Every structure is written in structure tokens, then in C-alpha cells.
1. Any residue at all in the stretch 245-256 that's assigned to a helix (DSSP H, G or I) and at pLDDT 90 or above?
2. Filtering the stretch 78-105 down to residues that are within 18 Å of the chain's Cα centre (by Cα) and free of Cβ contacts under 8 Å to residues at least 12 places away in the same chain, which residue is nearest to residue 66 (Cα to Cα)?
3. Taking the stretch 207-234 on its own, how many of its residues are crowded, with 16+ Cβ neighbours inside 10 Å and modelled with pLDDT under 90?
4. Exactly one of these conditions fails for residue 171: (1) over 30 Å from residue 212 (Cβ atoms); (2) part of a helix (DSSP H, G or I); (3) at pLDDT 95 or above. Give me its number.
């Protein structure tokens, strides 16, 4: 009786094993088919449909090689659909499980692009812009020889210019409010922190303006003497000299006053 039970148990186990094997093979075939379908949709720029296929694979076979590959194309599909926040998270998930160095590098740069796309214009809160700057700097540090390094450096210049403009416009606002010391603080931040941006020369000129408007012409002249060698633009240097000449009598001309509020 025991032998019979043992044989029956063995037979049932074999049947279950074969059934499971067929089931797994069926699932694998289904996922492979859906991956190929997702790639076809992706190549045809049907990103909403490709997202559905790749997301299905990721959810139903997590941790597999196919799922990791699907995660990358899911990220790309989201990016090309301009769903930048979702895409950034998807790329992070891909990096966490992937061993493909080239695609990891590409994903890291995509994350930078997502951060850039979601950053605000200069009038609004700049936390997202600062995040984009951090992402780009980290990318260059980690991949100094990347084919995207030059582009990343160009984006950093654009972002720094935007942050400088934010400070500059705040300084101009304080000038209009006749809060001259506060205005100079913001203009000086542009000069100190964003000296490599084109607007840094304008900030120097506005500092001179702030002194002149505050009836402190001597301070304006002193500031110019200390900083005339720090102008990067010859045209801006000439403009600064002209301002001092046109206000030599201690009062700004009407034309110069109007220029301040353009």
C-alpha cells in the first residue's frame, strides 16, 4: 500500500512538473511576443502602445533579463511621449537592475534631459533648475569622456545663465523700489557666482547705477576702477565708461534713467 501511494505521489509530481514547465514556456513565449510587439510599436513611434507592452512585461516577469530590457524601452517610450517625470523614475529603475554600461550611460543623460525639460523659467521657483544643474554636473563627473559631455556642458551654461538672470531681475526690481543696498546684493551675487555668464557685465553696470541713483557717485567710480579689468565684453566696458561720463555732474541724464527701466 505504501509503495502504491509512493508511486502515485511520484506520478502526480511529474504531472505537476510537466504542467508547470508548459505553463512557464507559455508565459515566456507570450512575454517574448509582447516584447517584439512593443519594439515594433516603438520603432513606429506609437509610444502609448509600446508603453503598454513593456509595462506588462515588467509587471509580470520582474527581475528577468527580458523585463530589464523592457524597462529601458518603457523609459524611452515615456520620454518620447514627453512624460518626463515618469520617464526619469523609469530610467532610475532601469539603472538599478541593469549591467549594460552603454545603456546606463544613455539613461543617466536622459535623466538630465528630463530634469531640464521639467525646470521652470527664470521668473519661477528654481529648485527644479538647480536639480537639473546637479544632474548634469554629476553626469560629467561620472562620464567625462561621454559623447554627451559637450552637450551637457552646453546645457550647464544655459542653466547658469537662467539662474543668473533670476538674480539680475530681482536686483532690478529692488532698484525700481529704490532699495539700493538690496539691489547691489543681488547684482553682486551674479558677479560672484555667475561671472562666466554674459549678464555678469550688466550686473556690474547696474551696481554702478545703484550707487549713482543713491547719490554715491564716488562709490560708483571706485567700483569701476576696481572692476574695469573684469569686464568680458569691450562693448559693456565702454558702456560703463560712458555712464560715468554722462553723469559726471552728479545727476543722471534722462536717457540713462530710462535705460534703467527698459
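The values are calculated or read from the model by the stated rules, or taken from the named source; none is laboratory data. The shown structure was predicted, so the numbers you read here are calculated from the model rather than taken from an experiment. Counting neighbours? That spans all protein chains shown, and the Cβs are built from the backbone with ideal geometry, glycine included.
1. Of the stretch 245-256, the ones assigned to a helix (DSSP H, G or I) are 245-246, 254-256.
Pick out the ones that are also at pLDDT 90 or above and you get none.
Taking every residue of the stretch 245-256 in turn, none turns out to be assigned to a helix (DSSP H, G or I) and at pLDDT 90 or above.
2. By that ranking, first place goes to 104.
3. 5
4. (1)
Per-residue answers, yes or no, for (1) farther than 30 Å from residue 76 by Cα; (2) over 21 Å from the mean Cα position of the chain (by Cα); (3) touching a residue at least 24 places away in the same chain (Cβ under 8 Å):
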| site | (1), (2), (3) |
| --- | --- |
| 108 | no, no, yes |
| 139 | no, no, yes |
| 156 | no, no, no |
| 165 | yes, no, yes |
| 174 | yes, yes, no |
| 187 | yes, yes, no |
